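Notes follow once the structure below has been shown.
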Amino acid sequence: MNELASFSGLIGDIYDATLDLALWPGVLKRISCFVPGSAMTLESKDAVNNAVNVFYQDGSVPPEMTRLYNDRYGKLDPCATDHYLAPVGEPRATADIMPYDEFVRSRIYRELLRPYGWVDAATTALDRSGASIASVTVFRDARDGLIDKEARQRLRVLAPHLRRAVLIGKVIEFKSAEAANLADAFDELTAAVLLINADGRIVHANRRALCLLETGDPLSARHGRLFARDPETSRGLQTIFAAADMGDAPLGVGGIALPLNTRDGRRFVGHALPLTRGARRRAGRVYAAVAALFVHEAAFPVPSTPELIAKAYGLTPAELRVMLAVVEVGGAPEVAEVLGVAPSTVKTHLGRVYEKTGASRQADLVKLVAGFSSALAS
């Protein structure tokens, strides 16, 4: 009876958190004790970069852990792909995805989880939108042991309530491709987008552009105006923006592209598009802009939705992990080291990938994955 009363109280606390978001850390702490586990987070996960954005946690997750995951270990996570493919509301522990002995040989376990004393984790998807999922993750240490049947059942019972709470309280807002606000639409793009007036002043910059400007390389902002690292390129940009104010003719309807290089040799491409006709002009009037500058790094595009590749070719999660690792890392020996599996295992999965996709070499896989890339980011 006491446990039933405790469970009922916990459900009530979950819905209370929809009205007072400050209650979420305490609620997650209670859920973690109920499962049980040693720590718990409410997060969104991004399939484009295998990055995690922790919205709330119970206070037991070191802040640097999320940073390390996003900066170094996200692309090495052997469980990440399965999290995007898993049914909503169904807890997925390590053992559901891969043999546990393989997991403990992976770099993410050896270098990230084990130092914090954590031995296992279960992630439950609450909502899915595009290439992102909202989820809760409970971590377990050696005292708790591996995720067991009882823990799965408790998470499964709580999942519908957590899902409703997330949706009702709008804890996590998933942006859609049909966003009515122009600024939100720009924030969906993987490219940096800057709207510029005739004087070269920045009148709007999307999220990616702001990050780029913070580095000051290859572009920077001084007193509200846009400059390139190279003075000659800066003068070229000013000429382009001044010309755009005169209409389509000077730049052409399709705009003009120009190279942008960084101090360390990375190559970016800028594409200036005049905002002087139709819907472009209406967008320009909103911000008094005459041109939009799209900037992206000249690099291999990451697939925005790995699950589409898996569905298109009938790949298992293990085969998809190996395929993406081969594209990102290189040959079988390197992939084996990253995933913590035997080279023979990698070769076996890779052989099946070649058979299912019709590819015959690594270059074919690179082209295939690039074909699933998207200009949109979550």
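The values are calculated or read from the model by the stated rules, or taken from the named source; none is laboratory data. Keep in mind the model is a prediction, meaning the values are calculated, not measured. Positions of Cβ are backbone-derived with ideal geometry, glycine not excepted, and every protein chain shown enters the neighbour counts. Surface accessibility is based on the protein's heavy atoms, side chains included, excluding ligands, DNA and RNA. Shrake-Rupley method; radii C 1.70, N 1.55, O 1.52, S 1.80 Å.
Those residues that are surrounded by fewer than 21 Cβ atoms within 10 Å (Cβ to Cβ) and touching a Leu at 6+ places or on another chain (Cβ under 9 Å), I need them from the range 341-352; list them, please.
Listed by number, the residues that qualify are Thr345, Arg352.
Read through the list (1) of a type in the set (Gly, Ala, Ser); (2) more than 21 Å from the chain's Cα centre (by Cα); (3) farther than 21 Å from Cys79 by Cβ; (4) modelled with pLDDT under 90, then give the number of the only condition that Ala336 fails.
So Ala336 meets the others, but not (3).
Filter the range 13-33 for residues that are open to solvent by less than 30 Å² (accessible area, probe 1.4 Å) and either more than 26 Å from the chain's Cα centre (by Cα) or of a type in the set (Val, Ile, Thr) (or both) and give the result.
Hits for the range 13-33 are Ile14, Thr18, Val27, Ile31.
Looking at (1) at pLDDT below 85; (2) open to solvent by less than 70 Å² (accessible area, probe 1.4 Å); (3) over 23 Å from the mean Cα position of the chain (by Cα), which is the one condition that is false for Arg281?
For Arg281, the exception is condition (2).
Could you say whether any residue in the range 339-348 is at pLDDT below 80, assigned to a loop (DSSP other than H, G, I, E, B) and within 26 Å of the chain's Cα centre (by Cα)?
No, every residue in the range 339-348 fails to be at pLDDT below 80, assigned to a loop (DSSP other than H, G, I, E, B) and within 26 Å of the chain's Cα centre (by Cα).
Taking the stated definitions as given, is Leu155 over 24 Å from Gly9 (Cβ atoms) and of a type in the set (A, V, I, L, M, F, W, C)?
Against the criterion (over 24 Å from Gly9 (Cβ atoms) and of a type in the set (A, V, I, L, M, F, W, C)), Leu155 does not qualify.
I need a count of the residues in the range 40-67 that are among the small types (Gly, Ala, Ser), within 20 Å of Ile133 (Cα to Cα) and at pLDDT 85 or above.
Within the range 40-67, residues that are among the small types (Gly, Ala, Ser), within 20 Å of Ile133 (Cα to Cα) and at pLDDT 85 or above number 1.
Specify the residue that is nearest to Tyr15 (Cα to Cα); the eligible residues are those in the range 28-71 that are hydrophobic (A, V, I, L, M, F, W, C) and without any contact (Cβ under 8 Å) to a residue 24 or more places away in the chain.
Step by step, filter the range 28-71, then rank; the result is Cys33.
Please name all residue pairs, on different chains or six or more residues apart, with Cβ atoms under 7 Å, provided the first residue is in the range 307-323 and is within 14 Å of Ala80 (Cβ to Cβ) and the second residue is buried (at least 16 other Cβ atoms within 10 Å of the Cβ) and polar (S, T, N, Q).
Correct list of pairs: Pro317/Thr81; Leu320/Thr81; Arg321/Thr81.
Have a look at Ala121, Ala80, Ala125 and point out the one that is within 19 Å of Leu339 (Cα to Cα) and touching a Ser or Thr at 6+ places or on another chain (Cβ under 6 Å).
Ala121
Can Val286 be described as at pLDDT 75 or above, part of a helix (DSSP H, G or I) and either surrounded by fewer than 20 Cβ atoms within 10 Å (Cβ to Cβ) or of a type in the set (A, V, I, L, M, F, W, C) (or both)?
No.
It is to be established whether one or more residues within the range 308-327 are crowded, with 18+ Cβ neighbours inside 10 Å, at pLDDT below 70 and of a type in the set (Gly, Ala, Ser).
There is no residue in the range 308-327 that is crowded, with 18+ Cβ neighbours inside 10 Å, at pLDDT below 70 and of a type in the set (Gly, Ala, Ser).
Tell me, which strands (runs of 3 or more DSSP E) wholly within the range 74-165 include 1 or more residues that are open to solvent by less than 40 Å² (accessible area, probe 1.4 Å) and among the β-branched types (Val, Ile, Thr)?
Where strands (runs of 3 or more DSSP E) fall fully within the range 74-165 and carry at least 1 residues being open to solvent by less than 40 Å² (accessible area, probe 1.4 Å) and among the β-branched types (Val, Ile, Thr), they are 118-129, 132-141.
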